[in-house]
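The values are calculated or read from the model by the stated rules, or taken from the named source; none is laboratory data. A quick note: this is a predicted structure, and the numbers were derived from the prediction, not measured. No Cβ is skipped: glycine too gets one built from the backbone with ideal geometry, and neighbour counts run over all protein chains shown.
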Protein chains: 2
Amino acid sequence: MKVIEGGVCAAKGFTANGIHCGIRKNHSKKDLTLVFSSVPASAAAVYTTNLVKGAPLTVTKNHLQDGIAQAVICNSGNANTCNANGIEIAEAMSVLAANHLGVTPDDIIVASTGVIGQPLSIDPIAAGLPALVAGLSVDGGKAAAEGIMTTDTVMKEVAVEFEIGGKVCRIGGIAKGSGMIHPNMATMLVFITTDCAITPAMLQKALSGDIANTFNMISIDGDTSTNDMVTVLANGLAGNEIITEENGDFAVFMQALNSVTVNLCRKIAGDGEGATKLLECKVTGGKNMDAAKTVAKSVICSSLLKAAMFGADANWGRVLCAIGYSGADVDVNKVDVSFRSDAGQVDVCKNGAGIPFSEEEAKQVLLQKEIEILVNLNDGEAASVAWGCDLTYDYVKINGDYRT
Amino acid sequence: MKVIEGGVCAAKGFTANGIHCGIRKNHSKKDLTLVFSSVPASAAAVYTTNLVKGAPLTVTKNHLQDGIAQAVICNSGNANTCNANGIEIAEAMSVLAANHLGVTPDDIIVASTGVIGQPLSIDPIAAGLPALVAGLSVDGGKAAAEGIMTTDTVMKEVAVEFEIGGKVCRIGGIAKGSGMIHPNMATMLVFITTDCAITPAMLQKALSGDIANTFNMISIDGDTSTNDMVTVLANGLAGNEIITEENGDFAVFMQALNSVTVNLCRKIAGDGEGATKLLECKVTGGKNMDAAKTVAKSVICSSLLKAAMFGADANWGRVLCAIGYSGADVDVNKVDVSFRSDAGQVDVCKNGAGIPFSEEEAKQVLLQKEIEILVNLNDGEAASVAWGCDLTYDYVKINGDYRT
């Protein structure tokens, strides 16, 4: 398996495009994205667990009942959530897209991201669709990735290539962050495409299995969005024997999918709102998987630790504190903590108590862009990783006046 | 019942003092506090639920087994937590204080607040104690309140006067915030004194009952501290018939205690690290108390909402979002939301969907120092209040480099 150029158009038979249609005020910002498979594809999705759900999620869930879809339409700038006519608008988006693409509305995945609770007009979408469809191309992946951005500072895409039964397969994906991210059994907006042949049921199994250790282990700010969704389209054009059970081919597919999702996780966390650093909390020695995951996520979610990381301050007491209140079954007197980055590793806590370390060395380690917080619970064999980012002035700035 | 001047020395028989002994580098900052009752007092306490517990909590818990105490000693600048010799140091603090006061170490409540994981030297405390004890006076309440401050910007004290059986009783208290505050069945440092006569068991019952609706309903940053503790000393010098059961006198006492704790809650939340505003989320119409409390706390804890309140942005979608992911049993399609302050009230959401409102009016409401977020779940009779503050640049600044 190797990482290749591209994103959502890397796999055979997929085209994409992204344009500015007028939902966002800034004309230089794309706000409407379309991803299209030349043939109907197996489709799988996971959704936010927030009780307040964006109208597009309800519509998409309905459309995916048969496990088949052929296109994704997504706007940014407005979440189409908590609006009285939200379902109607999301359905209208599907119908318009379907008509222009010559498919049925049932085969459309629809998504929205942006402000909650402001009516979304169908007009700019209707006006923009002809150009959006006309511009669909295999070179449109980047434009599609841009069309779903909100406060993201960078476009996020990735693709990998691998073989199943001698056939070359590809998986690619695009994602948007970057605030209101604390997925819980679902996640932010991620659209993945592959030409691998796999049944809808196995595709859903692969996706649901994967997100527990990937998108559900990211937190930017502890807020679980109303519009989180991850979808995968698998159109089978790679020509491999269709995956119908948990065999070796399925394992290869899972591994390839995981490399795409982990890559997008790191991109999303590293581009968290206002973030200057990617934080990875790597927990080992957990009594069980639940303990390891709970600790990793609690550490990544601590506002105090996130602020300390922004300041490159090796305030490891905040790591211990976050472990202590996590609710996980741990013996705090066994915990070791280290900080690691490209600049080296510094051990700061052994058996739950501080050990002498060079503050200067620690500062150098923490001044890097990617920081690993290593926690050994010394209590078993379970391991887990969670991703997050530092808490900065810019997070406050971005969210203090998001709507204007 | 009426609010009166003073704090921890308002009740008969209590003296206090606070000095700078040298734990904190800044000589203008007091760092050692003593509160003393002239006679042994009924004592009650609640402690953090964090598995990582400050050594002073372990020692205090041990000392309060008999329900009797006579003094509180507390240092700021160092939490004496995650230190190999923490228990030894906390015991030494008790012994030194007891010797100087002429009481037994078992009657000392000991507490510490500040940085975690840095060894605490007993030397400055030993050196400072003679002056600390010599300076005990009924006018020392403010100095005592100052001696427990860390990043607090204002000293926090309150006192009330009430009658039980014709006898005038008083309750007063001091508190320190102001970060790492997300109490969970316990709370930050709060020391309360009263001259009311009440048994240790009834005092504990009163305290434990009260905090569920007061200190446990505050959140500054979602981080549950390792050193949270609330204690009450009741020395009986008011001369009322001692409270031994849940009678009318107990109800009066509970009410007076509640007025002190709610006042301190508001002071702590309003002085959260970097805060410019006090946020009060008032939930009504809950299906049950659990739903009302869970919703109130989830709203108060949302980083996104806190940042919006800092920016005076009526982004009510974030209130809905926080209700949706709270885990509470609510029907999101019934929820009404309003913002209220001294500048008026603006209704922004009805039945889970946005309603037209004047952005200009909302801005004026949200520019005030105390903001009420009114949530009606329209699903029952349960009500709850939670307190918090906005998320600001200064929170990041304070916590980006707390140790230096």
Practice item. Give just the number: which of (1) away from chain B (no Cβ under 14 Å); (2) crowded, with 19+ Cβ neighbours inside 10 Å does A:ASP221 not satisfy? Key: (1)
Check your understanding: Quick check: anything in segment B:296-311 closer than 18 Å to B:VAL332 by Cα and either more than 14 Å from every other protein chain (Cβ to nearest Cβ) or in a strand (DSSP E or B) (or both)?
Key -> yes
Exercise for review: Sort through A:SER178, A:SER112 and tell me the only one that's more than 24 Å from A:SER384 (Cα to Cα), at pLDDT below 95 and in contact with a helix residue (DSSP H, G or I) (Cβ under 8 Å, 6 or more places away or on another chain).
Suggested key: A:SER112
Check your understanding: What's the number of the condition B:VAL46 fails, among (1) over 17 Å from the mean Cα position of the chain (by Cα); (2) more than 14 Å from chain A (Cβ to nearest Cβ); (3) buried (at least 17 other Cβ atoms within 10 Å of the Cβ)?
Key -> (1)
Practice item. Kindly check whether there is at least one residue in segment A:103-111 that is touching a strand residue (DSSP E or B) at 6+ places or on another chain (Cβ under 8 Å) and of a type in the set (Ser, Thr, Tyr). Key: no
Check your understanding: In segment A:30-54, which residue that is of a type in the set (D, E, K, R) and at pLDDT 95 or above is nearest to A:THR231 (Cα to Cα)?
Key -> A:ASP31
Check your understanding: Can you pull out the residues in segment A:370-404 that are free of Cβ contacts under 8 Å to residues at least 40 places away in the same chain and either crowded, with 18+ Cβ neighbours inside 10 Å or among the charged types (D, E, K, R) (or both)?
Key -> A:GLY400, A:ASP401
Review point. Tell me, which residue of segment A:181-210 that is at pLDDT below 90 and away from chain B (no Cβ under 14 Å) is surrounded by the fewest Cβ atoms within 10 Å (Cβ to Cβ)?
Key: A:LEU189
Review point. Do any strands (runs of 3 or more DSSP E) entirely within segment B:1-94 hold 3 or more residues that are in the same structural domain as B:GLY239 (by TED's automatic domain parsing) and of a type in the set (Ser, Thr, Tyr), and if so, which?
Key: B:32-47
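Each row is one residue, and each column tells you yes or no for (1) surrounded by fewer than 24 Cβ atoms within 10 Å (Cβ to Cβ); (2) among the basic types (Lys, Arg); (3) within 14 Å of chain B (Cβ to nearest Cβ).
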| residue | (1), (2), (3) |
| --- | --- |
| A:GLU5 | yes, no, no |
| A:VAL8 | no, no, no |
| A:CYS21 | yes, no, no |
| A:LYS29 | yes, yes, no |
| A:VAL35 | no, no, no |
| A:PRO40 | yes, no, no |
| A:LYS53 | yes, yes, yes |
| A:VAL59 | no, no, no |
Study note, to complete from the structure: Considering residues that are within 13 Å of chain B (Cβ to nearest Cβ) and on the phi > 0 side of the Ramachandran plot, the number found within segment A:336-364 is 2
Practice item. Report the residue count in segment A:123-165 for those that are surrounded by fewer than 19 Cβ atoms within 10 Å (Cβ to Cβ) and assigned to a loop (DSSP other than H, G, I, E, B). Key: 6
Review point. Here is a list of conditions, (1) at negative phi; (2) away from chain A (no Cβ under 14 Å); (3) touching a residue at least 12 places away in the same chain (Cβ under 8 Å), and B:GLY248 meets all of them except one; can you say which number that is?
Key: (3)
**Study point:** Test: residue in segment B:211-222 that is among the aromatic types (Phe, Trp, Tyr), part of a helix (DSSP H, G or I), touching a residue at least 24 places away in the same chain (Cβ under 8 Å) and more than 16 Å from B:ILE171 (Cα to Cα)
**Key:** yes
Check your understanding: Any chance segment A:272-287 includes a residue that's at pLDDT below 95, over 22 Å from A:SER178 (Cβ atoms), surrounded by fewer than 24 Cβ atoms within 10 Å (Cβ to Cβ) and within 14 Å of another protein chain (Cβ to nearest Cβ)?
Key -> no
Review point. Among the residues of segment B:336-358, is there at least one that is part of a helix (DSSP H, G or I), of a type in the set (A, V, I, L, M) and farther than 26 Å from B:ILE220 by Cβ?
Key: no
Check your understanding: Just to be sure, is B:ASN99 farther than 22 Å from B:HIS27 by Cβ, part of a helix (DSSP H, G or I) and either away from chain A (no Cβ under 13 Å) or modelled with pLDDT under 95 (or both)?
Key -> yes
**Study point:** Yes/no for B:ASP313 being acidic (Asp, Glu), touching a residue at least 12 places away in the same chain (Cβ under 8 Å) and not assigned by TED's automatic domain parsing to the domain that holds B:MET188
**Key:** yes
Review point. In segment A:317-350, which residues are out of contact with any strand residue (DSSP E or B) (no Cβ under 6 Å at 6 or more places or on another chain), free of Cβ contacts under 8 Å to residues at least 24 places away in the same chain, closer than 15 Å to A:VAL283 by Cα and surrounded by fewer than 23 Cβ atoms within 10 Å (Cβ to Cβ)?
Key: A:VAL332
Revision key, fill the gap. Filtering segment B:369-398 down to residues that are β-branched (Val, Ile, Thr) and assigned to a loop (DSSP other than H, G, I, E, B) yields B:THR392
Practice item. Enumerate the pairs (first residue in segment B:228-242 and without any contact (Cβ under 8 Å) to a residue 40 or more places away in the chain and not assigned by TED's automatic domain parsing to the domain that holds B:ALA159; second residue anywhere and crowded, with 24+ Cβ neighbours inside 10 Å and assigned to a strand (DSSP E or B)) with beta-carbon separation below 8 Å, excluding pairs fewer than 6 apart on the same chain, so at least 6 apart or on different chains. Key: none
Check your understanding: Do we find a residue being modelled with pLDDT under 95, closer than 29 Å to A:ASP390 by Cα and within 14 Å of chain A (Cβ to nearest Cβ) anywhere in segment B:376-388?
Key -> yes
**Study point:** Filter result for A:GLY86 (touching a residue at least 40 places away in the same chain (Cβ under 8 Å) and touching a Gly at 6+ places or on another chain (Cβ under 9 Å))
**Key:** no
Review point. Taking segment A:223-245, which residues are touching a helix residue (DSSP H, G or I) at 6+ places or on another chain (Cβ under 8 Å) and either over 28 Å from A:VAL59 (Cα atoms) or not in a loop (DSSP other than H, G, I, E, B) (or both)?
Key: A:MET229, A:VAL230, A:THR231, A:VAL232, A:ALA234, A:ASN240, A:GLU241, A:ILE243, A:GLU245
Review point. So which of B:VAL348, B:VAL335, B:VAL365, B:VAL319 is more than 25 Å from B:VAL396 (Cβ to Cβ) and under 28 Å from the mean Cα position of the chain (by Cα)?
Key: B:VAL365
**Study point:** B:LEU367 within 14 Å of another protein chain (Cβ to nearest Cβ), more than 20 Å from B:ILE218 (Cβ to Cβ), out of contact with any Lys or Arg (no Cβ under 8 Å at 6 or more places or on another chain) and touching a residue at least 24 places away in the same chain (Cβ under 8 Å)
**Key:** yes
Check your understanding: Looking only at segment B:312-335, which residues are outside any helix (DSSP H, G or I), touching a helix residue (DSSP H, G or I) at 6+ places or on another chain (Cβ under 7 Å) and among the hydrophobic types (A, V, I, L, M, F, W, C)?
Key -> B:ALA312, B:ALA314, B:ALA328, B:VAL330, B:VAL335
